[in-house]
Amino acid sequence: MLDKKTYQNAIEKREKMKANVATDPFLLDLHVYPETGWLNDPNGLCYFAGLYHFYFQYSPLDAKRGDIIWGHVSSPDFISYKRQDPFIFADSPLDKDGAYSGSAFIKDGKINFFYTGNVKHEGYFDYITAGRDHNTIKIISDAYSYDEKILVMDHDDYPSDMTRHIRDPKIYEKDGAYYMFLGARSLSDKGMVLIFKSQDLKKFTYHMRVETPYDFGYMWECPDYFDLDGQGILICCPQGLESEEYTYQNIYQAGYFPLDLDLENKTYKLGDFVELDYGFDFYAPQTFEDPEGRRILIGWMGMPDAAYTNPTDHDWQHAFTIPRVLSFVNGKVYQKPIGEYQKLRESEISLEKGTSYQGKVFEAVAENIRGDFSINIRKDVTLSYENGILILDMGDSSYGRKTRMIKISKIEKLEIFSDKSSLEIFINDGEKVMTTRVYSEKYAFSTNDFDFKIHPLNPITFE
Ligand code: FRU
């Protein structure tokens, strides 16, 4: 339980935490991070009344993740941000143990938010098949406030072969009807997406489910369904997949299925799952469409339940990824860093092969790459390509993160965003992406194999 009063009364604590955050040499310049405390999934992403609104899973008083509420930042341009008051507190019997993830849907000049109210019962339970409620809750809002939390569905409304883990609603509109996609874990430990239908965004009834005909994890979190350049795309985060050499290297996955979905006839054709990111720190992405019709994705630059940690004694933890614009080309989702970030560029430096750049916050671009290569990104971080395998290799300063690999037959272009404690590597104009946190004290970027263009970047700003 974290209500508004408790948050407001903790002003002294928060001021102390803020002062500690400001002294962190690893504080990020290019990423949305929490003012204090912990951040996980991006939530409720939308453009409304002239501003982008970004909400997120937020534990403002505890950087090790305490009670979860919704934080909020707004921005006109992805560059200058305003920190807003937390939006949804965990303050009602419907969500007392966490205002969990959800999304925004704009209709008739209002934002309809749907999210999961997490409730844990006192007693001895496994909290999987018993002892937990995941309530689907609706809020009607102007982005900043709301009158009431409306219970839309509870466990009795979900199919009877499900566990208590049903969460993270996202709305898709088609032919005048509204479909809610929810992540689910069945009683036979099968991950899937449940789809509920509504004519009015008030009453939802179970419609159908999307699952694999083969084993594919015990739980799918954070579903998102949308049309992208003529293809239906289902994003979700499966848990419980076995690691393979070049795929599923993290504890949990975040990726997409191409999905041809016939909602009217309740039939579908599911393509193969593809990971959206091959680094250590990418999870729970959410997308939205902006007024220009761009499909924009923001991920959580973190990974739940991962074994590694980081040097965090500065009262903040985790951040968003740089926003990415999606497209579907030749059967694949491409992800490009949002164009607005080019406005952060200061100048252009030509980094000739064999020379080194010592900056911390920059974008490095190499085009017309041919053949194998090796790049030193930090003193003990290398990115090398040999025999069709790209390897990110990190040393001690990565606090337990070691190697991540991508099998890829050709690399022609690299675009690397370096922040004080993160790397986002876009390969072949976003055919593949690798995102990771890294905590090196020595910044030195160099390669003997080709020239780079370096753009030192100004920080995004917070008011
Ligand atoms: C994903 C997730 C969601 C859940 C939220 C709770 O990281 O586990 O499924 O709603 O985080 O913070």
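The values are calculated or read from the model by the stated rules, or taken from the named source; none is laboratory data. Keep in mind that this is a model prediction, so the values were computed, not measured. Using ideal geometry, Cβ is built from the backbone for each residue, glycine included, and neighbour counts are taken over all protein chains shown. What goes into the accessible areas is simple: the full protein's heavy atoms, side chains included, and nothing from ligands, DNA or RNA. Shrake-Rupley method; radii C 1.70, N 1.55, O 1.52, S 1.80 Å.
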FRET efficiency estimate (nearest 0.05) - Cβ-Cβ, Glu463 to Asp62, R0 22 angstrom: 0.35
Solvent-accessible area, 1.4 Å probe, carbon plus sulfur percent, for the stretch 272-345: 43
Residues of the chain: accessible area per residue with a 1.4 Å probe, Å²: 41
Kirkwood hydrodynamic radius of the chain, from inverse mean 1/r over distinct Cα pairs, in Å: 22.7
Given Lys360/Lys402; Lys18/Lys432; Lys82/Lys420; Lys64/Lys353; Lys82/Lys379, the pairs whose alpha carbons are separated by over 31 Å: Lys18/Lys432; Lys64/Lys353; Lys82/Lys379
Cα-based convex hull, the stretch 232-284, per residue volume (Å³, whole number): 84
Tensor-based shape of the stretch 64-185 (alpha-carbon gyration tensor, a/c under 1.5 rounded, otherwise prolate or oblate): oblate
Segments 326-336, 47-57 sorted - mean Cβ within 10 Å per residue, highest first: 47-57, 326-336
Sum of -39500 (n - 2.57) over DSSP H runs of 4+, divided by residues of the chain (222 nm, nearest 500): -1000 deg cm²/dmol
Taking the chain and dividing mean pair separation by its residue count, relative contact order in percent (alpha carbons under 8 Å, at least six apart): 13
Förster-model FRET efficiency, 45 Å R0, Asp290 and Ile408, C-beta, rounded to 0.05: 0.95
For the stretch 350-462: rounded, prolate or oblate by the Cα gyration tensor [a/c cutoff 1.5]: rounded
Pairwise FRET efficiency - Glu340 versus Asp161, Cβ, R0 = 56 Å, nearest 0.05: 0.80
Extension gain, Lys332 back to Asn265 (0.36 nm per residue minus Cα-Cα distance, nm): 21.5 nm
Solvent-accessible area, 1.4 Å probe, carbon plus sulfur percent, for the stretch 350-462: 41
Convex hull of Cα atoms in the stretch 175-269, direction-averaged projection (nm²): 7.1
Relative contact order, percent, the stretch 149-266 [alpha-carbon distance under 8 Å, six or more residues apart]: 18
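By its C-alpha gyration tensor, with a ≥ b ≥ c as the square roots of the eigenvalues, how is the stretch 294-394 shaped: rounded for a/c under 1.5, else prolate for a/b larger than b/c, else oblate?
rounded
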Leu263, Leu61, ranked by accessible area, largest first (probe 1.4 Å): Leu61, Leu263
Residues in the stretch 270-291 reached by a label modelled at Ala306 [backbone nitrogen below 15 Å; 7 Å Cα→Cβ]: 276-285
